[in-house]
Amino acid sequence: MSEPNSVAVSVQGAVTTPLERAAIVLLSMGEEPAAAVLRCLSRQELLEVTQVMSRMSGIKVESVRTSLQRFFDDYREQSGVHGASRTYLKRSLDLALGADVAESVLNSIYGDAIRPKMARLQWASPKWIAERISHEHVRMQSVFLVFLPSEIASEVVSALPDDRREVVLLNMARLRDVDRELLIELDELVDRCLESLGLQSTSVAGARQVAEILHRLPGNRWQTLENLRSSDALAMDEIERSMYDFFILSRQSEAVLVRIMDDVPIEELAIALKGAEPAMREALLRAMPRRQAQAFEDTMRRTGPVPRSRIEQARQGIMARVKALRDSGEIELQLFAEQVVE
């Protein structure tokens with residue numbers, strides 16, 4: 001392999017995490033081989049590694065060399081005698097057991113052949129998938145959802161009509177085996193979904209985008225807000241909710257942050273700050289007395305890993321308190337990033 005002097009990768013300094021090393025290897029192997037690898041990843045794995053790849057720049061050649069060396073070291077450890085391929089096993093089992101029995105055995109070993117097709121649907125909108133299966137009979141809906149990754153299936157179920165969800169879930173719970181005819185019907189349904197995958201509509205967060213635009217809009221933004229409110233109060237309410245993003249706390253004065261923290265339990269704040277930008281954590285720590293800041297950091301360490309849904313719940317609760325304080329006139333909240341002059 002030629003020396004990867006021109007590879008543009010990672011953050012400044014040494015590569016330290018397995019995810020960064022994986023990104024280095026993918027960037028080094030070229031577009032087509034990397035694409036072949038990416039197709040084998042789950043949705044979450046693909047998003048994580050491509051996000052790291054997109055942020056990489058200017059890493060030292062020595063770090064690239066180390067990442068590639070570790071990859072080949074791991075490869076040598078794993079590349080002794082390979083297991084039989086599915087094709088090899090199918091030919092052998094066909095001769096030994098007959099085609100139908102062989103297919104049943106292979107499905108139990110490798111998982112049903114439908115799963116790779118279903119995995120491609122993880123990139124579709126759950127609402128779009130729900131619409132595609134809404135006219136199918138309940139048993140087909142249940143089988144379809146059983147073969148989807150659980151995190152996608154839960155979102156599809158949420159997008160189904162209210163009177164349909166419990167029926168579908170109950171049928172899913174009763175499933176034990178899926179007969180061949182139903183699998184053929186499922187395969188045809190998945191093919192139809194894949195054929196029209198490119199025609200799905202795209203969800204957009206219009207209110208959120210307006211909030212982001214207003215943050216950057218020059219001139220009198222408050223007057224713009226009032227004009228919007230006079231035209232459509234409901235739309236303005238949605239825009240305003242989007243403006244109360246958790247990150248705006250990082251631009252508040254220390255006095256405002258102290259008042260907000262008086263209303264928020266330290267355990268709730270520790271959860272809300274999980275995964276937050278460094279600027280957010282630094283702003284809050286600056287507003288705390290040294291002893292309180294040390295106690296807060298200890299609390300964050302003790303909480304350990306937290307589900308993302310719990311973090312979002314904590315942030316929403318905090319921002320609801322922040323909005324109430326602003327509405328009551330107790331704090332002046334800086335919703336927009338303003339230039340400051342000394």
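The values are calculated or read from the model by the stated rules, or taken from the named source; none is laboratory data. Because the structure is predicted, anything quoted here is derived from the model rather than measured. Here the Cβ positions follow ideal geometry from the backbone for every residue, glycine too, while neighbour counts run over all protein chains shown.
Brief remarks on what is shown
- Considering residues of segment 173-182 that are under 20 Å from Ile129 (Cβ atoms) and over 30 Å from the mean Cα position of the chain (by Cα) only, the residue modelled with the lowest pLDDT: Val178
- Residue in segment 207-227 that is at pLDDT 80 or above and among the aliphatic types (A, V, I, L, M) present: no
- Evaluation of Gly275 against the conditions (1) part of a helix (DSSP H, G or I); (2) in contact (Cβ under 8 Å) with a residue 24 or more places away in the chain; (3) surrounded by fewer than 18 Cβ atoms within 10 Å (Cβ to Cβ) shows that the sole unmet condition is (1).
- Count of residues meeting criterion [more than 25 Å from Arg176 (Cβ to Cβ), assigned to a helix (DSSP H, G or I), free of Cβ contacts under 8 Å to residues at least 12 places away in the same chain and not charged (D, E, K, R)] in segment 123-164: 0
- Restricting Ser242, Ser309 to residues that are in contact (Cβ under 8 Å) with a residue 12 or more places away in the chain and either touching a strand residue (DSSP E or B) at 6+ places or on another chain (Cβ under 6 Å) or assigned to a helix (DSSP H, G or I) (or both) narrows the list to Ser242.
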